[in-house]
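Worksheet: one structure, shown below.
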There are 2 protein chains.
Amino acid sequence: MRISCLSRQTGLPVATIKFYLREGLLPPGTPTGRNQADYDEGHLRRLRLIRALTNVGKLDLSTVRQLLASIEDDELSLASLYGVIHSFPDDAAPPKLNGLADATADVDKLIDDLGWSISPDAAGRDRLVQVVAALRQLGCDCGIQFFAPYATTAEQLVAAEMDLLRPESEGIDRAAAVVRAVLLEVALTAVHRLAREHYVTNRFGPADDEPPGAGSAPG
Amino acid sequence: MRISCLSRQTGLPVATIKFYLREGLLPPGTPTGRNQADYDEGHLRRLRLIRALTNVGKLDLSTVRQLLASIEDDELSLASLYGVIHSFPDDAAPPKLNGLADATADVDKLIDDLGWSISPDAAGRDRLVQVVAALRQLGCDCGIQFFAPYATTAEQLVAAEMDLLRPESEGIDRAAAVVRAVLLEVALTAVHRLAREHYVTNRFGPADDEPPGAGSAPG
């Protein structure tokens, strides 16, 4: 198919598709003339994958590029492929908070109690430590046990997610694995926010109808 | 206290604190001389709040500015204050995906079944619809029921979070409400990723020791 057809089928402007071609995110089509090329279903799938990761998953293009390369790198184990996702966003300069040692001990105890095998340099572990330390410093501690019920649910969610993967015997669909991991994170955050909206509305009353100051009685 | 003391106590460089002062994120201190001012515990708390929201919560400064203004705006109801958080990041141009109508019907049914009161323009609802539609289009559908067990846990998490708030009779600590909502999201994502790391390691084997291609047998 022509590039105009790719555009029609994905809703992406031709200029965006040409940009992805220039940037190497989309492999070139088969040349059919001086300024024309032929594209196939693989290009269509790739474009939809890029769009899902950027527009719905809110990842930037350099992250998407890294993910696409990791999907195609068959020497990368599945655990390492997920490891790439789990390290976003790159935490170049983690904050130096007081109380990190105590928070680390608490997080490690939680992980131990759950019986989870977690690598010592897992980004998620550091991030959880930072949250616990920051909340404490602000006098907003919620205690490490706050996370225990969620951890159990997270285990079930992940098991259900992995059951959706094509079996190893048929060759795991690595692109599907990545897009699910990225998009489910967006979805779970959305569900959590909806739960909060419902709870807060019920307990403290609804949101203001209009921005404060905008409304006033007529006359 | 002097600005150097603020810096020592927060670990933030003096230049960063001066930048927050210029930007109006930190209110000015009480002038004590030509180039000196006195700062108090309120400034210290505010700096720690800004640091938690930016460094741990990964929010950009314009978002933090909007949050700080919303915390201080007592005419803004608590539901609207949470509404500000729930709308991040601003979805200026949501993707035009196929199958949005079906996905919307599924998400609305989930919300109905849960008995949740959700405003029709809730950003979380739109985002969940986008994820469901995008996964379907990519052939990675997980079914709307996938989210039901998590929704129940999310309700419990939110109830526990709200129980940590100072009671209304004593005046709800709006800064604590905001910082908890923002940081708990980071923490829950981290726990979810740790659960995935554990599960994937157990089922598919550990991550590669070194980047592929980097290791080779000597000799």
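Counting from the shortest, the label point at A:Asp113, 7 Å from Cα toward Cβ, is 3.1 nm from the same position in each remaining copy.
Straight-line cross-link partners of B:Lys58 among the lysines, defined as a Cα under 29 Å from its Cα and at least 8 positions apart when in the same chain: A:Lys58, A:Lys96, A:Lys109, B:Lys18, B:Lys96. Chain A's nearest residue to the axis relating it to B, judged by Cβ and reported with the distance in whole Å, is A:Thr153, 2.
Phi-derived couplings, Karplus 6.51 cos²θ - 1.76 cosθ + 1.60 at θ = phi - 60°, listed residue by residue for region B:58-71: 6, 8, 7, 5, 5, 5, 4, 4, 5, 5, 4, 5, 5, 4 Hz, with x used for Gly and Pro. Here each label is just a point 7 Å from Cα along the line to Cβ, and for A:Ala148 and B:Leu44 those points are 3.3 nm apart. Normalised by residue count, the protein assembly as shown yields a Cα convex hull volume of 228 Å³ per residue. Please give the Cα centre distance for region A:138-204 versus region A:14-35, rounded to the nearest Å. Here the answer is 36 Å between Cα centres.
Distant-in-sequence amide contacts of A:Ala37, defined by a placed amide H-H separation under 5 Å and a gap of 5 or more residues or a different chain, comprise A:Ile3, A:Thr32.
Across region A:3-56, C-alpha contacts under 8 Å between residues 6 or more apart give a mean separation that, scaled by the residue count, equals a relative contact order of 32 percent. Here the label points at A:Arg166 and B:Asp112, each 7 Å from Cα along the C-beta direction, are separated by 3.6 nm in the simple model.
Could you tell me the calculated FRET efficiency between A:Ser4 and A:Arg65, based on Cβ-Cβ distance and R0 = 22 angstrom, to the nearest 0.05? Kindly include the intermediate steps, with their values, before the conclusion.
Values: r = 25 Å, r/R0 = 1.14.
The computed FRET efficiency comes out at 0.30.
With n ≥ 4 as the cut-off for DSSP H runs, can you work out [θ] at 222 nm for chain B, using -39500 (n - 2.57) per run divided by the number of residues, rounded to the nearest 500? Counting only the DSSP helices, I get -18500 deg cm²/dmol. In chain A, Cα pairs under 8 Å separated by at least six residues give a relative contact order of 17 percent.
Enter the angle in degrees (range 0 to 90, nearest 10) between the Cα long axis of helix A:174-204 and the first principal axis of the Cα atoms of chain A, meaning the one along which they spread out most. Value to nearest ten degrees: 40.
The mean sequence separation of alpha-carbon pairs under 8 Å and at least six residues apart, normalised by the residue count of region A:100-204, gives a relative contact order of 19 percent.
According to the Kirkwood expression over distinct Cα-Cα pairs, how big is the hydrodynamic radius of chain A, in Å? Could the numbers behind the result be given before it?
Numbers: mean 1/r = 0.0470 Å⁻¹.
One decimal place: 21.3 Å for the Kirkwood radius.
The long axis of helix B:123-137 is offset from the longest Cα principal axis of chain B by roughly 30 degrees. Length, then width, then depth: along the principal axes, the Cα atoms of region A:3-56 run 35, 21, 19 Å.
Helix A:41-51 and the longest principal axis of the C-alpha atoms of chain A enclose an angle of approximately 30°. Within region B:55-141, the ratio Rg/Rh, alpha carbon atoms throughout and Rh by Kirkwood, equals 1.05.
When each pair of different Cα atoms in region B:91-158 is counted once in the 1/r mean, what is the Kirkwood radius in angstroms, to one decimal? Walk me through the numbers on the way to the answer.
On the way: mean 1/r = 0.0794 Å⁻¹.
Final number for the Kirkwood radius of region B:91-158 is 12.6 Å.
Add +1 for every Lys or Arg and -1 for every Asp or Glu among the other residues with Cβ under 12 Å from the Cβ of B:Gln66, and state the total. Intermediate results must be reported in sequence, preceding the final value.
Values: positive: B:Arg65; negative: B:Asp60, B:Glu72, B:Asp73, B:Asp90.
Its environment carries a net charge of -3.
Projecting the alpha carbon convex hull of region A:35-81 along each direction and taking the average yields 4.5 nm².
Just checking the listed ones, B:Ile111, B:Ile85, B:Ile50: in the Gaussian network model of chain B with Cα springs under 10 Å, the one fluctuating most is B:Ile111. Based on every Cα atom in region A:100-204, Rg and the maximum pairwise Cα distance Dmax equal 16.7, 53 Å.
Values quoted throughout were computed directly from the atomic coordinates according to the rules given, and no laboratory measurement underlies them. Bear in mind that the values here come from a model prediction, so they are computed numbers and not experimental data. In this analysis, Cβ positions are derived from the backbone assuming ideal geometry, glycine residues included, and neighbour counts consider all displayed protein chains.
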